[in-house]
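Data block below; observations after.
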Ligand SMILES: [Zn+2]
């Protein structure tokens, strides 16, 4: 049986860091952590960090329905190239993931992927916002995360009922925070830049109204509510206050909302079109502070592949979304002034815990062999044409970034080695 020895690296986990070799067995578990370990396959991790694999709570894999943009298989390849060993597939596919039969289909496809693929399901049937999906039946199949992502659930009463149902099931309701009546027609952030460009905008308040409502409903129901892709200073402030007041909401922020502003829309290039939109520099700063102080629990990519045929359309016609799995670590490592241990917390064990994987986060014998080996100091330039993802709509093309994923091991299998996906 193949045993992989990761030699000469610094092991960083939830419980601290130390210089050690790691031996991973083909059965999918860490066999040993210590000095001078040998295996049938050996990886030189000199100068590198060995850490529990990244976990993404927000991945659009586009299957079924838009396989020309991404599939579960191609998305999992992009994931392991980005150091992820687990991604949560979003349910806004065509058809939507809103019933037991399609959940089983996606789970089956996920078993053949290069990383773990967890399946989330829609809160409402067809993501139409009118009737609740069979949440109890889907929870029985292992679905822990429900979201109508792509749209927020607009109906206050329906959202309250979803929250009430979710509590005994022990599942999370994740919200795409956008009040659609207020955001309607907006293709970018509403502000000075949208006025200058003559493009219709979405005000920050479209996001903040829904954050405010869901905090209120979480207080009313005791539900576990997760705010997706938080992007405004006001939303960060409300979440901080809610948590200080004992309301158990959690939140994520994307690499692009931590690093890019609405000024980039000035070239009318739709690669910078995303929902929620790129905001102002002060919103970016607030998101960074929120991530650092833990108001925002984790980084999630909102990896949203689109084909060139759709993304090359004029700004107001192109679909929103950016790919992000392959650049997330490097963007965060380059842009954020965070200790490396804190960044790994935000990308690995904290999102894992939110997803119900509390064991993920330490590198010790008996733990899952889901690891990534990163060189935090290596620099590289993003080449959209070289993306592992089937799509190329990265807003970071041409940027020099610091921090490179060298190897990824998932379930004891070396799936990404020296920059190459292994199958
Ligand atoms: Zn969304």
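The values are calculated or read from the model by the stated rules, or taken from the named source; none is laboratory data. Since we're looking at a predicted model, the values are computed, not measured. We place every Cβ from the backbone using ideal geometry, glycine too, and count neighbours over all the protein chains shown.
Worth a mention:
- Residue 302 in contact (Cβ under 8 Å) with a residue 40 or more places away in the chain and within 16 Å of the ligand (Cβ to nearest atom): yes
- Candidate set: the range 166-192, residues that are surrounded by fewer than 20 Cβ atoms within 10 Å (Cβ to Cβ) and not in a loop (DSSP other than H, G, I, E, B); chosen: the one nearest to the ligand (Cβ to nearest atom): 180
- Scanning the range 154-165 for residues being surrounded by fewer than 24 Cβ atoms within 10 Å (Cβ to Cβ) and within 16 Å of the ligand (Cβ to nearest atom) gives a total of 1.
- Residue 296 being surrounded by 24 or more Cβ atoms within 10 Å (Cβ to Cβ) and either away from the ligand (no atom under 16 Å from the Cβ) or free of Cβ contacts under 8 Å to residues at least 12 places away in the same chain (or both): no
- Of all residues in the range 127-153, none that is over 15 Å from residue 223 (Cβ atoms) and more than 16 Å from the ligand (Cβ to nearest atom) has its Cβ atom under 8 Å from the Cβ atom of a residue that is modelled with pLDDT under 95 and assigned to a loop (DSSP other than H, G, I, E, B), 6 or more apart or on another chain.
- The set of residues in the range 67-96 being surrounded by fewer than 24 Cβ atoms within 10 Å (Cβ to Cβ) and farther than 28 Å from residue 367 by Cβ consists of 67, 68, 71, 74, 92, 93, 94, 95, 96.
- Test: residue 263 is in contact with a helix residue (DSSP H, G or I) (Cβ under 8 Å, 6 or more places away or on another chain), at negative phi, within 15 Å of the ligand (Cβ to nearest atom) and modelled with pLDDT of 95 or more: no
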